Amino acid sequence: MEAVEMGVEEMGNARGLYELEVEAWNGMDAVMRIVNIARRAKLRYTEMRTVFEPTGRLRLRLMGWGEGSEARWLAAKLERMPEVYRVEARLLRPDEDAFPA
Amino acid sequence: MVDHAARVLKELGVTEVFGVTGGSIMGFFDALALEDVEIYMFRHEQGAAHAADAYGRVKRRPGVAAATSGPGATNLVTGIANAYFDSAPMLAITGQVPTSVFGRDAFQETDIVGVTAPITKFNYQVRRPEEAGPALRTAYRLAYEGRPGPTLVDFPRDVQLQRYLCEEEEQAYLPVDFSKYRPPRPDPAAVRRAARLLAAALRPVILVGGGVYWARAWPEVLRLAELLQAPVVTTLPGKNSVPANHPLVMGPAGMHGRLEADAALANADVVLAVGTRFSDRTVGRFSPEMREKKVIHIDSDPSEVGKNVPPTVGIVADAKAALQALLRELPAVPRRDRRFLEWLLYVRRRYEEAMENWARRMRKFAPWKVLKTLREVAPPDTITVTGVGSHQMWAEQHWDVYVPGTWLTSAGLGTMGFCVPAALGAKIAARDRPVLCIDGDGSFQMTMNNLALVRDYNLPITIVIFDNRALMLVKHWQIYLYDRRIVATEYTSRPDFAKIAEAYDIEAVRPTSLDEVRKWADWSIRTQEPLVMIIDIDNEEDLVLPWVKPGDWLTEAVKPPGLEDLSLTYSPDWEPPRPMAAEASTTAGR
Ligand SMILES: Cc1ncc(C[n+]2csc(CCOP(=O)(O)OP(=O)(O)O)c2C)c(N)n1
Ligand SMILES: [Mg+2]
């Protein structure tokens, strides 16, 4: 699968399957706060996975279908969290017919 | 550990804490007292939180509210949410049950970190004593760094009671990257594009939000307005950001905005929005009209730019820096047709006249006349706080804010009960300035128990209750949108507010004329004696107009009586009516 990687600002409005990768600290509490925001994005989620590293950092991957504007809103909101070091968003598969959440 | 936590707060400059004690926080209160931090005994934790929020807005550094676990912590929630939606700096500190019983539904256990996750900028549960210092410093700093907001630190009781000798140099902060809250420098290319748009605009309008106050950017806003000869309109919190008596300031626009401000925003071809999230309350509806305009959006928070209205040019930067860059970039702007401004002043004049006529026909007090009378008496730097409801909307339209930073209202959450405790918090933050609380009878009843602090701590505030014995703003909607079915919005005459005031040892008056309003307000403000002034308002007549119905566009505002012929759509062919033309130059100011 060819992914299109973008900074939050450059993300277009294409509808499709998005992947967000978040790097953060503060364990389960951070996951809870991330999920709290993700719940409010209009994306239809297909997968979420978190790896807690021995360094105390965590890596959370989130995939969902929806509009680019929603994925961008979510990425921007997550990036503002004090716990979050890095957010990357990519459009995994553009699909004009993808049904939004 | 609590002794160390109290010392850290003291080092941060915290001199007062607002709250209610209890089993899980009493050790911390004890430590605060030993550090000579004054504890204000609010009568409900919601009040403590609103006070901390208001204190933060006035002082521009976080107010601190503390509460015990369980109900104490959950009582803070409304106040924390209020601070979140109005971007106010505050720090909440909660006690928690011991870590050993976590998840066992121990007495007064609530997962307050979970409860407040979506309404805090940051929250953190301290699990080891050595985290207390870094957690408090981090939460305190995050509350004001970048876009302000509430933060929370939760202290389990066993951790509080552990001995902690901070012998070695402890880590100052949790591992947070604060640098991301420093807004980037304005992108020169974006600034150039914005300048070009503004220079070419026919009817540019500047929309100012609360962010302009935090960036102290009002001088730049006004310079730009003067250069462009552009009217300035504000959001409801944006009233706090620019002086209302500047001739180009049209006042707040939106659902309950002023007519000339709605007219300005509706007819703009280019909107320069600064420090605002573009709430639906400000623009009525987003499409199609708002989306057809060229929008330049300046905000320090990148997640706000484009959230509600996709901008033609988005600039993520500190408002002051971005406006300065824009001022440097703007060439001598071609002088434009002043007709548009003249027309706006004509709309203002018609509006003011209509309100005067309407006031004459009112059976009881006209709320806006009371506000104008109070404004004459209150010194310019008076801090004004409101409740939530029709009285707040009247204040939005008719209370002129002269000094930025003196307008405190619950805008984002719209929390009834904000006024009394927020006024107390403001007074604690600025004891040398008068504080005026413009409240509704419904809002007042939600937090009036905190009046006990007025005498306990010598906090002489002036409270004016717009007493219509109704939840009027909702009744207003029932009248217009629910076929006049009045359900659960009218109150009985209980309680007697004069007796409530008396119970708290506060003078109460029921003026019967505007002269009496003036006299009593003047007495309270000049002598710094607390006062509860009860204003009798008729709940059939108290309809806040103009009003833009939900989903309508600004030009469709329901206008006050007598303005049926006035269109809010500007035509370049507009001619001032004959008798006005001669006086057009003297209409500025109101
Ligand atoms: C805590 C809370 N509950 C309910 C509401 C919904 N609400 C908005 S305005 C309003 C009426 C407020 O009444 P009052 O304070 O007397 O002001 P008035 O509208 O009568 O001037 C109500 C019930 C709210 N904003 N906040
Ligand atoms: Mg009322």
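No lab work stands behind these numbers, since they all come straight from the coordinates. The shown structure was predicted, so the numbers you read here are calculated from the model rather than taken from an experiment. Positions of Cβ are backbone-derived with ideal geometry, glycine not excepted, and every protein chain shown enters the neighbour counts.
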Original post:
What is the helix-to-structure angle for B:339-361, meaning the angle in degrees between its Cα long axis and the longest Cα principal axis of chain B, kept from 0 to 90 and rounded to the nearest 10?
Top reply: 80
Subject >> Signed unit charges on C-beta, dipole axis of the range B:188-342, positive-most listed residue B:W218, B:L202, B:G257 >> reply: B:L202
**OP:** Equivalent ellipsoid semi-axes for the range B:109-160, as square roots of 5 times the alpha carbon gyration tensor eigenvalues: give them largest first, rounded to whole Å.
**Re:** 19, 15, 5
Subject >> the range A:15-94, relative contact order [Cα under 8 Å, separation at least 6], % >> reply: 50
Original post:
At a Förster distance of 56 Å, what's the computed FRET efficiency of B:L227 paired with B:D536, Cβ-Cβ distance as r, to 0.05?
Top reply: 0.75
**OP:** Mind checking A:74-85 for the average number of partner chain beta-carbons within 10 Å of each residue's beta-carbon?
**Re:** 5
Subject >> Check: the range B:363-536 dipole with +1 on Lys, Arg Cβ and -1 on Asp, Glu Cβ, in debye >> reply: 340
Subject >> Volume per residue that the Cα convex hull of the range B:1-102 spans, once the total is divided by residue count, Å³ >> reply: 91
Original post:
On average, how many beta carbons from a partner chain sit within 10 Å of the beta carbon of a residue in A:65-72?
Top reply: 1
Subject >> Prolate/oblate/rounded call for the range B:2-181, Cα gyration tensor, a/c under 1.5 rounded >> reply: rounded
Original post:
Other chains near B:174-180: what is the mean number of their Cβ atoms within 10 Å of each residue's Cβ?
Top reply: 4
**OP:** Please give, to one decimal in nm, the separation of the simple spin-label points placed at A:M28 and B:F178, each 7 Å out from Cα toward the Cβ.
**Re:** 3.1
**OP:** Place a +1 charge on the Cβ of each Lys and Arg in the protein assembly as shown and a -1 charge on the Cβ of each Asp and Glu, then give the dipole magnitude about the Cα centre in debye, rounded to the nearest 20.
**Re:** 1260
Original post:
When you count, for each residue, the other Cβ atoms within 10 Å and take the mean per peptide, how do B:73-83, B:341-351 rank with the highest first?
Top reply: B:73-83, B:341-351
Original post:
Expressed as an acute angle from 0 to 90° and rounded to the nearest 10, what is the orientation of the C-alpha long axis of helix B:188-200 relative to the principal long axis of chain B?
Top reply: 30
Original post:
Say a paramagnetic label sat at a point 7 Å from the Cα of B:M41, along Cα to Cβ; which residues of the range B:445-475 have their backbone N under 19 Å from it?
Top reply: B:448-460
Subject >> Peptides B:460-467, B:131-138 ordered by average Cβ neighbours within 10 Å, highest first >> reply: B:460-467, B:131-138
Original post:
B:R363 to B:V101: extension gain in nm, 0.36 nm per residue of separation minus the Cα-Cα distance?
Top reply: 88.1 nm
Original post:
Using a ≥ b ≥ c from the Cα gyration tensor of the protein assembly as shown (square roots of the eigenvalues), is it rounded, prolate or oblate, where a/c under 1.5 gives rounded and otherwise the larger of a/b and b/c decides, a/b for prolate?
Top reply: oblate
Subject >> Fewest-first sequence of B:K59, B:K239 by Cβ atoms within 10 Å of each Cβ >> reply: B:K59, B:K239
Original post:
Rounded if a/c is under 1.5, else prolate if a/b beats b/c, else oblate: with a ≥ b ≥ c from the C-alpha gyration tensor eigenvalues square-rooted, which is the range B:452-545?
Top reply: prolate
Original post:
Which percent, to the nearest 5, of DSSP beta bridges fully inside the range B:363-536 are antiparallel?
Top reply: 5
**OP:** With a 10 Å radius around each residue's Cβ, average the other Cβ atoms per peptide and rank A:44-53, B:502-511, highest first.
**Re:** B:502-511, A:44-53
Subject >> Normalised contact order of chain B, rounded percent, pairs of Cα under 8 Å and 6 or more residues apart >> reply: 13
**OP:** Sum up the charges of everything whose Cβ sits under 9 Å from the Cβ of B:E329, counting Lys and Arg as +1 and Asp and Glu as -1, but leave B:E329 out.
**Re:** +3
**OP:** Determine the dipole magnitude for chain B: charges of +1 sit on the beta-carbon of Lys and Arg, -1 on that of Asp and Glu, nothing else is charged, the reference point is the Cα centre, and the result goes in debye to the nearest 20.
**Re:** 1580
**OP:** Per DSSP H run of n ≥ 4, the term is -39500 (n - 2.57); total these for chain B, divide by its residue number, and report the mean residue ellipticity at 222 nm rounded to 500 deg cm²/dmol.
**Re:** -11000 deg cm²/dmol
Subject >> Share, in percent, of DSSP beta bridges within chain B that are antiparallel, nearest 5 >> reply: 5
**OP:** Could you work out how far apart the two model spin labels at A:R44 and B:R60 are, taking each label as a point 7 Å from the Cα in the direction of the beta carbon, and quote it in nm?
**Re:** 5.0
**OP:** Specify the angular offset, from 0 to 90 degrees and rounded to the nearest 10, of the alpha carbon long axis of helix B:71-85 from the longest principal axis of the alpha carbons in chain B.
**Re:** 30
Subject >> Fully extended contour minus Cα-Cα distance, from B:R328 to B:E529, at 0.36 nm per residue >> reply: 67.5 nm
**OP:** Quick one: order B:S493, B:S567 by neighbouring beta-carbon count within 10 Å, fewest to most.
**Re:** B:S493, B:S567
Subject >> Members of B:K475/B:K519; B:K307/B:K559; B:K369/B:K549; B:K59/B:K307 lying beyond 27 Å, as alpha-carbon distances in this model show >> reply: B:K475/B:K519; B:K307/B:K559; B:K59/B:K307
Original post:
So how do B:M446, B:M41, A:M63 line up by other beta-carbon neighbours within 10 Å, fewest first?
Top reply: B:M41, A:M63, B:M446
Original post:
Rounded to the nearest 5, what % of the DSSP beta bridges within the range B:459-582 are antiparallel ones?
Top reply: 20
